Amino acid sequence: MTVIDYKADGLDREEVLALIKASSSEAKAFVRWKDDAAKSLPAGKSDQLTDEEIAEILVANPALLERPIGYDGTTAIIGRPPEALLALVSHSS
């Protein structure tokens, strides 16, 4: 498993879409909707946003990416609660 400092390095659209596709979570789960920076986003319409639209939001606002996210190249897990990442760690071992 690799640690990515997306705040420093950023993520591109394809990377965000790969995380979404590798996860069993819906795309909207990757956005920190309660963050102050998300106040201008259409949170009430999050069910209507496509994966591509979510990816564009996260590329433009990387601080809104839910964290931590564990990704082993095949499976992505949002670490909320952090214990959720244990399944990925044990799977990768």
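Taken together, the values in this text are just the output of simple stated rules run on the coordinates, not laboratory data. If you're wondering where the values come from, they're calculated on a predicted model, not measured in any experiment. Cβ placement follows ideal geometry from the backbone for every residue including glycine, while neighbour counts extend to all protein chains displayed.
The calculated FRET efficiency for Lys21 paired with Ala63, based on their beta-carbon distance and R0 = 25 Å, is about 0.65. Helix 13-22 axis versus longest C-alpha principal axis of the chain: approximately 60°, rounded to the nearest ten. Averaging Cα coordinates gives a centre for the stretch 67-88 and one for the stretch 38-57; these two points are 22 Å apart. Qualifying trypsin sites (Lys or Arg not before Pro) in the stretch 1-91, where qualification requires a DSSP coil assignment and no more than 14 other C-beta atoms within 10 Å, comprise Lys34, Lys39.
Close amide-amide hydrogen proximity is noted between Ile69 and Gly79, each under 5 Å apart and 5 or more residues distant or on a separate chain (H modeled in the peptide plane; Pro and chain starts excluded).
Nearest 500 deg cm²/dmol is fine: what mean residue ellipticity at 222 nm does the chain get from its DSSP H runs of n ≥ 4 alone, each adding -39,500 (n - 2.57), divided by its residue count?
-9000 deg cm²/dmol, from helical runs alone.
I need the GluC sites (Glu not before Pro) found in the stretch 26-87, filtered to DSSP loop residues with at most 13 other beta carbons within 10 Å of theirs.
Listed in order of number, the matching sites are Glu26.
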